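The structure appears right after this line, and notes come after that.
FYI, it's all coordinate maths here, none of it is from the lab. These figures come from a predicted structure and were not determined experimentally. All Cβ positions, even for glycine, are placed from backbone atoms using ideal geometry, and neighbour counts span all protein chains on display.
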Amino acid sequence: MNAVHEFADLTVEPAVRGFLHQPAEPSGDAIVLTHGAGANCSSRLLTALAGAFADAGFMVLRCDLPFRQSRRFGPPFPALAPRDREGLRRAVEILRQKSPGRIFLGGHSYGGRQASILAAEQPEMVPGLLLLSYPLHPPRKPTQLRTAHFPQLKTSSLFVHGGRDPFGSHVEMSTALALLPGKHLLIEVEGAGHELLGKKKDDDLPARIVQTFQGFFGRFI
């Protein structure tokens with residue numbers, strides 16, 4: 001049976017806080033998962049996805065970004081985004097000390113955007129990214145694209161995007177992904193919004209994401 005424990009490393013600033021999922025049958029691989037601008041690491045999506053990864057043998061560190069540790073509510077401040085990226089880098093280093101295999105990095109919306117910027121800045125840091133509901137542009141502002149770093153993003157990336165996501169349509173996402181020099185794949189989730197998961201308790205999307213993730217990164221890494 002998989003084990004889940006609260007986790008905190010306060011030895012360096014910014015601290016890393018969240019939950020560590022330890023699989024009953026570890027594969028040696030691990031992944032950091034983080035949240036969007038309006039949530040925390042206990043969101044339904046991240047909790048379900050972490051469980052699905054652990055079921056597949058991954059150690060998972062599901063963590064709060066530094067901005068959420070500082071404030072329980074409210075969006076991040078753009079000027080402090082580098083601190084959030086440093087928090088993700090530290091989370092990766094923590095998992096590297098705990099797991100002998102590959103360490104991946106994933107995030108929902110804002111968390112995924114910061115993960116992708118970090119990987120563009122440090123291409124050797126992780127072998128792959130999981131980007132959930134990448135916030136391609138603000139709702140109703142399709143010209144304000146958040147793709148300036150895409151031409152430098154060489155890390156293989158799996159994108160998961162809902163068909164009703166106001167932050168970007170499937171057509172807009174496909175056009176943007178053409179800017180990426182690294183290997184990439186887009187999972188289109190028809191009918192889903194920005195949060196991806198529906199209200200059904202038996203939603204099979206997390207397991208489907210993990211299965212596709214394993215197949216994608218098994219081919220390219």
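A few notes on this one:
- Long-range neighbours under 8 Å by Cβ, at least six apart or interchain, first residue free of Cβ contacts under 8 Å to residues at least 12 places away in the same chain within segment 174-198, second assigned to a loop (DSSP other than H, G, I, E, B) and aliphatic (A, V, I, L, M): 198/192
- Of residues in segment 138-152 being among the polar types (S, T, N, Q) and farther than 14 Å from residue 113 by Cα, the one nearest to the chain's Cα centre (by Cα): 144
- Boolean, residue 82 is out of contact with any strand residue (DSSP E or B) (no Cβ under 9 Å at 6 or more places or on another chain) and buried (at least 21 other Cβ atoms within 10 Å of the Cβ): no
- Residues that are in contact (Cβ under 8 Å) with a residue 40 or more places away in the chain and farther than 25 Å from residue 213 by Cα within segment 48-85 comprise 66, 69, 83, listed in sequence order.
- Lone unmet requirement of (1) in contact with a strand residue (DSSP E or B) (Cβ under 6 Å, 6 or more places away or on another chain); (2) under 20 Å from residue 135 (Cβ atoms); (3) not basic (Lys, Arg) for residue 19: (2)
- Selection from segment 1-55 of residues that are over 25 Å from residue 198 (Cβ atoms), in a loop (DSSP other than H, G, I, E, B) and of a type in the set (A, V, I, L, M, F, W, C): 1, 10, 12, 15, 24
- Residues in segment 62-76 that are surrounded by fewer than 24 Cβ atoms within 10 Å (Cβ to Cβ) and hydrophobic (A, V, I, L, M, F, W, C) were compared, and the one that is nearest to the chain's Cα centre (by Cα) is 67.
- Residue check for residue 203: in contact (Cβ under 8 Å) with a residue 40 or more places away in the chain and either closer than 24 Å to residue 121 by Cα or not aliphatic (A, V, I, L, M) (or both): yes
- Yes/no for residue 108 being more than 27 Å from residue 153 (Cα to Cα) and crowded, with 19+ Cβ neighbours inside 10 Å: no
- When 118, 145, 179 are screened for being over 29 Å from residue 96 (Cα atoms), touching a helix residue (DSSP H, G or I) at 6+ places or on another chain (Cβ under 6 Å) and not in a strand (DSSP E or B), only 179 passes.
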